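Down below is the structure, laid out as structure tokens.
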Amino acid sequence: MRYFILLIFLGLIGLHGCKIPSGKPDDPTAPVTTVYTIKAGGNYADHNDFSYTAKTTLSFSVIFDSSAVYTNKIPENQHDINKLYGFSDCNVQHNTSSARFGWNWRDKALRIYAYCYRNGERVSEELGTAELNKPADYQISIVGGNYVFTFKGKETTIARGCNIVQSTQRYRLYPYFGGDEPAPHDIIISITEK
């Protein structure tokens with residue numbers, strides 16, 4: 001019994017000298033990582049609170065795990081582009097004007113896209129492939145009347161629907177599965193905004 005009490009006492013002394021993480025970084029400017037989950041049978045990710053951003057450049061790192069591998073029930077839907085991360089633009093709703101990255105699993109590869117709405121018209125362009133379980137850097141910049149997407153060091157320019165650069169009405173767009181079908185299983189995406 002004395003031995004047990006001594007162990008508890010020593011354990012408490014040891015804890016007193018330890019710093020217990022608060023969950024908040026010491027540096028408020030440090031990048032914050034959010035792990036998004038799109039639940040099976042759903043389209044929207046959790047942690048998708050509505051938030052505005054005045055940024056004209058959105059830089060972030062993404063890790064997809066093996067949950068990004070999926071098969072749609074309808075084979076043609078495998079070409080549908082899921083949404084990753086980006087923002088609305090031109091002081092209108094995102095389905096009128098926006099820029100974000102997209103992705104899908106097709107032909108045994110995780111394919112990455114520039115995905116935009118320009119005056120209500122959807123515009124997309126394949127940018128390359130990402131590896132599972134490895135971080136990759138992504139960036140979208142507003143440069144005058146264009147979006148500049150940067151993926152794997154390669155820049156792709158897509159025309160915007162306006163020339164407004166500074167805006168307080170721009171809001172973040174979060175991970176979304178679909179397309180026509182909901183997520184076939186839980187999909188987990190880790191995003192670190194820089």
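The values are calculated or read from the model by the stated rules, or taken from the named source; none is laboratory data. Remember, predicted model here, so these are calculated numbers, not experimental data. Here the Cβ is made from the backbone with ideal geometry for all residues, glycine too, and neighbour counts use every protein chain on show. Only protein heavy atoms, including side chains, enter the accessible area calculation; ligands, DNA and RNA are left aside. Shrake-Rupley method; radii C 1.70, N 1.55, O 1.52, S 1.80 Å.
Under the condition of being on the phi > 0 side of the Ramachandran plot and open to solvent by 80 Å² or more (accessible area, probe 1.4 Å), the residues counted in region 37-56 number 1. Candidates Ala136, Ala159: the one that is small (Gly, Ala, Ser), surrounded by fewer than 13 Cβ atoms within 10 Å (Cβ to Cβ) and modelled with pLDDT of 95 or more is Ala159. Going through (1) farther than 22 Å from Glu125 by Cα; (2) open to solvent by less than 70 Å² (accessible area, probe 1.4 Å); (3) not in a strand (DSSP E or B) one by one, Thr34 falls short only on (3). If I ask for residues that are in contact (Cβ under 8 Å) with a residue 60 or more places away in the chain, assigned to a strand (DSSP E or B) and hydroxyl-bearing (Ser, Thr, Tyr), which ones from region 144-191 would you list? Result: Tyr171, Tyr176, Ser190. A count restricted to region 49-104 and to residues that are closer than 23 Å to Ile158 by Cβ and part of a loop (DSSP other than H, G, I, E, B) stands at 14. Filtering region 93-126 to residues that are among the charged types (D, E, K, R), closer than 17 Å to Ile140 by Cβ and either touching a residue at least 24 places away in the same chain (Cβ under 8 Å) or open to solvent by less than 60 Å² (accessible area, probe 1.4 Å) (or both) leaves Arg100, Arg118, Glu125. Annotation note: Cβ proximity below 6 Å between a residue of region 69-86 that is touching a residue at least 60 places away in the same chain (Cβ under 8 Å) and a residue that is part of a helix (DSSP H, G or I) (sequence gap 6+ or interchain) occurs for Asn72/Gln78. May I ask you to verify whether Ala114 is assigned to a strand (DSSP E or B), within 16 Å of Cys162 (Cα to Cα) and not polar (S, T, N, Q)? No; evaluated as a whole, the condition is false for this residue.
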